[in-house]
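The values are calculated or read from the model by the stated rules, or taken from the named source; none is laboratory data. A quick note: this is a predicted structure, and the numbers were derived from the prediction, not measured. Methodologically, a virtual Cβ is constructed for each residue, glycine included, from the backbone with ideal geometry; neighbour enumeration extends over all protein chains shown.
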Amino acid sequence: MLPYGHLKPSEVFALDALLIEQPKLWSRRQAALAKGFDWILFDLPQRLPGHMTNPHCTVSMMVVNADAACHVLLQPQLTQTPLFLVNRFDAASQLQRDLLLIWQQRYAHALVPVNLHADEAMAEALARSEPAGRYAPASLIALDIISLASWCLLRGRRLE
C-alpha cells in the first residue's frame, strides 16, 4: 500500500505539477515496484489534474460513502468512473440502505459487489497502527477486506 503521505500544500502542488510535466513518471515507478510485489495498492487523491490519470491500474476504484453528499457529487462521475466501492456502510441506516438500492439499480455496472461496513475495529486497528485483519481477524471489516481482495483477484483473472 502506497499511501499519499504527509505533504505540505506546496509539496502537493509541486508533485501534481511534476506528474503533469512527466506523465510517464508513475508508469516507470509502478513497473519498478511490480517486480517485487504481486499487488500494489495506490491511494491517490483525485482532486488534482496530475493525479487523475496516474497510475495505470488493472482495477481502479473510487471509494464513496453511502450518503446524500456522495449521491449528489457522484451523479456526473458515475458514467466516467469504472468502479466505485462503498465504504463505512451501516446496514442499520435506512438512508444508506436506500441509497445503496438506488445505486445497485442504476449503476450495477460500476458498483463493486462488496461493501466495507462501518466497524469500530477499523478505527481501533488504525489507532494501534495495525492492519484490521491482524488486530481483529474475526471483525466484520476484516471479513469485508478479505471479500474485496478475493473479488479483486477474480476480476484480475478475468481481465488477463
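Answer yes or no as to whether LEU18 is modelled with pLDDT of 85 or more and touching a strand residue (DSSP E or B) at 6+ places or on another chain (Cβ under 9 Å). Considered against the rule, which asks whether it is modelled with pLDDT of 85 or more and touching a strand residue (DSSP E or B) at 6+ places or on another chain (Cβ under 9 Å), LEU18 comes out as no.
Consider the stretch 96-131 and keep the residues that are part of a loop (DSSP other than H, G, I, E, B) and out of contact with any strand residue (DSSP E or B) (no Cβ under 9 Å at 6 or more places or on another chain). The one that is nearest to PRO82 (Cα to Cα) is HIS109.
Here is a yes/no grid of residues against (1) farther than 13 Å from ASP144 by Cβ; (2) out of contact with any Pro (no Cβ under 7 Å at 6 or more places or on another chain); (3) surrounded by fewer than 17 Cβ atoms within 10 Å (Cβ to Cβ):
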residue	(1), (2), (3)
VAL64	yes, yes, no
ALA91	no, yes, yes
GLN94	yes, yes, yes
ILE102	yes, yes, yes
TYR107	yes, yes, yes
VAL112	no, yes, no
ASN115	no, yes, no
ALA118	no, yes, no
